[in-house]
Amino acid sequence: MKKLFRIFLLLWIITLTVGCVTTNPNPNKPKTEAEVLAEVNKNLEAVDELTIDVSFVPETDDPIDFLRILTVNDFHGALAETDQAAGAARMGKYLIDQRNLNPNETIVLSAGDMFQGTGISNYRRGLDVIKWMNAVKFDAMTIGNHEFDWGISEILKYRDGDLSNGEADFPLLGANIVQKANGQILPNTEPYTIINKGHLKVGIVGYIGYGLESDIAVGMVKDYKFESIPTTIGPIIEDLRKNQQVDIIIALGHDGSETTNSMLAGLTGYQAVDAIVNGHYHLNNSDYITSVDNREIPIVQAGSSGEYVGDITLNINPITKKITGVSSTVKMGSSRPKHDSIDNYINALIHATAPLFSRVIGVAGTTITKYPTVTWAADALKAHTNADVAFINSGGIRGDAFPIAKGTEVTVGHLYKIMPFDNTVKTVTLTGTQIRVILNFSLSSSSNLVAKGSSVTIDGVPLVDTRTYRVASIDYVFDQKQYPFLDGTNIEADGLLFRDVLIKAIEKMTQQNQEWIP
């Protein structure tokens, strides 16, 4: 009872503080960014006094004849409940309750991309997602491409042994992520982990998709490379089976390509895989793949943003140790109950960060969808830089942020959902010929560029190959060598976040008494 009173007291204090912060007695003198951040950080000190209280049924050493694998992938910081996400309080309760039904037989795994994607997660670089995962008792997590977005050291610190910066109670896996300088895997990570369940040893080998370096900003991944998956994890699995007496192998990958899954199904004998957990593609998929030695290997991928939980059940013959399995996904909807302690923590977090993320910057003048927003965002970038044309990648404008209904008060939090990445603005001078090269790729441009076959116009004027143009983009696109941006002249980087450009564009419309219509 005392603990419950303490939780509500802290929430009351935070609410009072936020109420004081968000009420501005002088609208002509808005708070500075530094003042807002100071308030948020002070509020978060109160949040850190909270604990997430969870009860688990103890495990025993009794033999088991099945293993249940619950999976989450591409969570993208979806702690709060929204129209698109059920929230961590609902998903957490489901995972806790399912483990308590069969504590000896259940493990919970993450296939990566857990942190980047919402304001309340991004603000502390995923710390609050780590706290949730610890409370729910995840057993392991493989590293995804978006774990590199803030610099991989921001995530690796959660396994550095320093309790002051937050610690993950589960291993971070990345068997095929190596440092170019020394050929070793990332510090504070493991290629695999072994979990004892009853009389069985379960080996979980983690990997990231081959070639996914291209999905990471060049500056964040230049010191690392992702090795071939089967040639990397095959020998690891063989060692686990031969020398460490592991009974079951789960391939936990931030990868969902059919090519990779087929290659894993081609591993046989001591290198054989018993189940495959996928991520990255945001698919709701439960299936199986037939191995070359005629085994049905269950596969699962559970959507994104907490929309589903993956579920694989492996049945184990106690005599022959033969393993058969099935997979499914479970919808996390608004009808599912919440875990009270998790819900209290997330509500406190939302209130604490409200001075920043709940600040209203405009009103949606229509139902807002992704692709008009992509073009609008490129236009906003062009206007901010006074460039002749702007190019962005449409994937940076996240589809799960939409739709935004007409009449919705648009907040800073919405913009973090739309553009969660800390991409910065860059400009360069390119020739018309170099712009034509860019048009061979699937980048999105500002609306003033119109390309129809070989005919290209900017502001209605034909593109001249020998003329130079000022071109704007974001660092994620700009720094990739397949594009000609780095071959241009007069490169400038103002350091401003692309997301802030978009926020300022909506604020300008509001100041002009206009609603936001991309």
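The values are calculated or read from the model by the stated rules, or taken from the named source; none is laboratory data. Remember, it's a predicted structure, so these values are computed and weren't measured experimentally. Every residue, glycine as well, gets a Cβ built from its backbone with ideal geometry; the counts of neighbours run over all protein chains shown.
Of all the residues in the range 387-443, those that are over 24 Å from the mean Cα position of the chain (by Cα) and polar (S, T, N, Q) number 7.
Check I299, I316, I312 and return the single one that is farther than 23 Å from H280 by Cβ, buried (at least 18 other Cβ atoms within 10 Å of the Cβ) and not charged (D, E, K, R).
On the way: I299 fails: farther than 23 Å from H280 by Cβ; I312 fails: farther than 23 Å from H280 by Cβ.
Going through I299, I316, I312 in turn, the sole match is I316.
The helices (runs of 4 or more DSSP H) located wholly in the range 1-116 that include 3 or more residues which are touching a Phe, Trp or Tyr at 6+ places or on another chain (Cβ under 9 Å) and at pLDDT 95 or above occupy 33-47, 88-101. Where strands (runs of 3 or more DSSP E) fall entirely within the range 410-500, those with at least 3 residues that are aliphatic (A, V, I, L, M), under 30 Å from R359 (Cα atoms) and in contact with a strand residue (DSSP E or B) (Cβ under 9 Å, 6 or more places away or on another chain) are at 489-497. The criterion of at least 3 residues that are out of contact with any helix residue (DSSP H, G or I) (no Cβ under 6 Å at 6 or more places or on another chain), assigned by TED's automatic domain parsing to the domain that holds E105 and modelled with pLDDT of 95 or more is met by the following strands (runs of 3 or more DSSP E) wholly inside the range 284-381: 284-290, 296-302, 308-316, 323-331.
Could you count how many residues in the range 469-493 are over 30 Å from the mean Cα position of the chain (by Cα) and buried (at least 16 other Cβ atoms within 10 Å of the Cβ)? Counting residues in the range 469-493 that are over 30 Å from the mean Cα position of the chain (by Cα) and buried (at least 16 other Cβ atoms within 10 Å of the Cβ) gives 3.
Tell me, yes or no, whether the range 387-394 has at least one residue that is in a loop (DSSP other than H, G, I, E, B) and within 14 Å of F498 (Cα to Cα). Among the residues of the range 387-394, at least one is in a loop (DSSP other than H, G, I, E, B) and within 14 Å of F498 (Cα to Cα), which makes the answer yes.
Each row is one residue, and each column tells you yes or no for (1) in contact (Cβ under 8 Å) with a residue 24 or more places away in the chain; (2) within 15 Å of the chain's Cα centre (by Cα); (3) within 22 Å of A78 (Cα to Cα).
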site: F148; (1), (2), (3): yes, yes, yes
site: D160; (1), (2), (3): yes, no, no
site: L163; (1), (2), (3): no, no, no
site: G166; (1), (2), (3): yes, no, yes
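Identify, please: which residue in the range 501-518 is touching a residue at least 12 places away in the same chain (Cβ under 8 Å) and not in a helix (DSSP H, G or I) and is, among those, surrounded by the most Cβ atoms within 10 Å (Cβ to Cβ)? Top of the filtered list is W516.
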